[in-house]
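Trainee: The structure is given below, and queries will be raised subsequently.
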Amino acid sequence: MENLTLQLNRSTFGSPENKGKVLSKEKALALLDDWVKNEKLKVHMKQVAHLMKSYALFKEYDEATQHRWYLAGLLHDADWDQWPEQHCRKIIEELEAREIDPEIIRAIASHGPRYFGVDPETEMDKMLYAFDELSGFVHAYSLMRPEGYLGMEVKGVKKRLKDKTFAAQVSREDIRDAAERANISQEELIQFVIDNQLNADLA
Ligand SMILES: [Fe+2]
Ligand SMILES: [Fe+2]
């Protein structure tokens, strides 16, 4: 994905007037069904959405906030399936046209600072970046374990991270960088993913 054409070359997203405006869960899932045909990619977005919502709950944020976090996770890769060369410009423009809360749009715009050229600033930005690659990595690990998530340990995940041939497409550098920017240890993040990802609603 290291492609300079993905650089967004902008630093503001959405309009402050739209603060608090969201898509319902149903509408967001409908957008996903419409845009994303790749089932694995859909699973990825639902897992990240669940982690985001779980984290907002863990921080004891209110339900409206939890839903905003959920939406950022659910839609962050919505355009990747059909328009990879426009990732994540297309979903940003769609959410701007639908007058969605700028906080959500900004988080999506900063989920890959190396690719999009937008630094994660808010807590939502940083956590989306932190969960994105790690979620897929832990999921890949669960698929190769006979017991899935059951009994999974942080040290097992860390061992796989050191094995460059395992899930080779997952950027270890992004995982390290994201944890550092979120100011949360990799161990803590991995434990959170192990504890919560299992319960993601993939329907
Ligand atoms: Fe992405
Ligand atoms: Fe992603």
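Trainee: Could you grab the relative contact order for the stretch 4-71? Cα pairs under 8 Å, six or more apart, rounded to a whole percent.
Mentor: 29 percent
Trainee: Cα-Cα over 22 Å: which of Lys40/Lys90; Lys37/Lys158; Lys42/Lys159?
Mentor: Over 22 Å Cα-Cα: Lys37/Lys158; Lys42/Lys159.
Trainee: Relative contact order for the chain using alpha-carbon pairs under 8 Å, separation at least 6, rounded to a whole percent? Each step should come with its number before you reach the end.
Mentor: Numbers: 275 pairs, mean separation 52.1, N = 203.
That works out to 26 percent.
Trainee: With θ set to phi - 60° and the Karplus curve 6.51 cos²θ - 1.76 cosθ + 1.60, what are the ³J(HN,Hα) couplings of the stretch 62-71 in order, to the nearest whole Hz, using x for Gly and Pro?
Mentor: Once rounded to whole Hz, the list reads 5, 5, 5, 5, 4, 5, 5, 4, 4, 5.
Trainee: How much length is gained if the chain between Arg172 and Glu26 is pulled fully straight, taking 0.36 nm per residue apart and subtracting their Cα-Cα distance, in nm to one decimal?
Mentor: Values: separation 146, 0.36 × 146 = 52.56 nm, distance 3.39 nm.
Value of the extension gain: 49.2 nm.
Trainee: Which order do the peptides 149-159, 128-138 take when ranked by the mean count of other beta-carbon atoms within 10 Å per residue, highest first?
Mentor: 128-138, 149-159
Trainee: Now a separate question. What FRET efficiency comes out for Ala97 versus Asp201 if R0 is 22 angstrom and r is the Cβ-Cβ distance? Round to the nearest 0.05. Show your work: numbers first, answer last.
Mentor: On the way: r = 27 Å, r/R0 = 1.24.
Once the sixth-power term is evaluated, E becomes 0.20.
Trainee: In degrees, nearest 10, range 0 to 90: what is the angle between the Cα axis of helix 123-144 and the longest Cα principal axis of the chain?
Mentor: Once rounded, the angle reads 40 degrees.
Throughout, read-outs are computed from the coordinates displayed, never taken from laboratory work. Predicted model only: the values in this text are computed from it and were never measured. Positions of Cβ are backbone-derived with ideal geometry, glycine not excepted, and every protein chain shown enters the neighbour counts.
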